[in-house]
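Visitor: This is the structure I have questions about; it appears just below.
The values are calculated or read from the model by the stated rules, or taken from the named source; none is laboratory data. Note that the structure is predicted; figures quoted are calculated from it, not measured. Here the Cβ is made from the backbone with ideal geometry for all residues, glycine too, and neighbour counts use every protein chain on show.
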Amino acid sequence: MSTAGTYTFGFRAQPLFQSPGQFGLNLFFGGNGNTPGISALVTANGSTFVANGAPLTHRLDGLPVSGANTLLYVNGDFRVTLTALSQARSGGNRVGPYTNNPGLIGGNDYFGSFTLDVETPEPSTYALLGAGLGALALRRRRR
């Protein structure tokens with residue numbers, strides 16, 4: 001995902017014994033598995049989402065982490081923005097906790113998708129910047 005563009009990902013998740021009013025999504029970047037770079041909450045069976053600033057959310061392995069409270073991840077000139085998130089509960093029991101085998105808990109899995117917009121500076125941007133700085137240096141030198 002280091003190339004600029006729009007990427008959409010689908011997911012399925014095993015339900016718990018309860019039906020929550022919101023579904024959380026934590027995204028981790030750059031090899032950092034302890035602190036999410038983007039965290040969001042989406043309404044149950046919906047597509048209305050907000051940044052998750054809750055003091056306690058969970059990774060896929062169930063361990064607690066703090067919510068990132070942002071829908072934007074920035075690392076230098078590399079920017080990733082969560083632009084869409086939806087989830088619903090239907091379509092059968094196809095996954096279990098942490099596996100792609102049907103779960104022991106009956107009923108429909110959660111499923112959904114999220115979309116990320118990735119922005120990276122293009123090489124031509126750096127070339128233009130360099131040419132502009134070079135022109136300014138030449139102009140200053142002539143004075």
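Matching residues to (1) at pLDDT 85 or above; (2) in a loop (DSSP other than H, G, I, E, B); (3) among the charged types (D, E, K, R); (4) surrounded by 13 or more Cβ atoms within 10 Å (Cβ to Cβ):
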{"residue": "Gly10", "(1), (2), (3), (4)": "yes, no, no, no"}
{"residue": "Pro15", "(1), (2), (3), (4)": "no, yes, no, yes"}
{"residue": "Gln18", "(1), (2), (3), (4)": "no, yes, no, no"}
{"residue": "Gly24", "(1), (2), (3), (4)": "yes, no, no, yes"}
{"residue": "Gly30", "(1), (2), (3), (4)": "yes, yes, no, no"}
{"residue": "Pro36", "(1), (2), (3), (4)": "yes, yes, no, yes"}
{"residue": "Pro55", "(1), (2), (3), (4)": "no, yes, no, no"}
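Visitor: Residue by residue through the stretch 57-68, note down the ones that are buried (at least 17 other Cβ atoms within 10 Å of the Cβ) and either of a type in the set (S, T, N, Q) or modelled with pLDDT under 85 (or both).
Guide: The one that is buried (at least 17 other Cβ atoms within 10 Å of the Cβ) and either of a type in the set (S, T, N, Q) or modelled with pLDDT under 85 (or both): Thr57.
Visitor: Further question: Which of the numbered conditions does Phe78 fail, given that it passes all the others? Conditions: (1) more than 24 Å from Thr6 (Cα to Cα); (2) out of contact with any Gly (no Cβ under 7 Å at 6 or more places or on another chain).
Guide: Result: Phe78 passes all but (1).
Visitor: Here's a follow-up. Answer yes if at least one residue in the stretch 105-112 is of a type in the set (S, T, N, Q) and either within 25 Å of Ala4 (Cα to Cα) or without any contact (Cβ under 8 Å) to a residue 60 or more places away in the chain (or both), and no otherwise.
Guide: no
Visitor: While we're on this one: For the stretch 81-98, enumerate the residues that are modelled with pLDDT under 80 and either closer than 30 Å to Thr3 by Cα or not hydroxyl-bearing (Ser, Thr, Tyr) (or both).
Guide: Listed by number, the residues that qualify are Gly91, Gly96, Pro97, Tyr98.
Visitor: Next question. Output the residues belonging to the stretch 69-117 that are crowded, with 16+ Cβ neighbours inside 10 Å, in contact with a strand residue (DSSP E or B) (Cβ under 8 Å, 6 or more places away or on another chain) and not in a strand (DSSP E or B).
Guide: Thr70, Leu71, Val95, Gly103, Asp109
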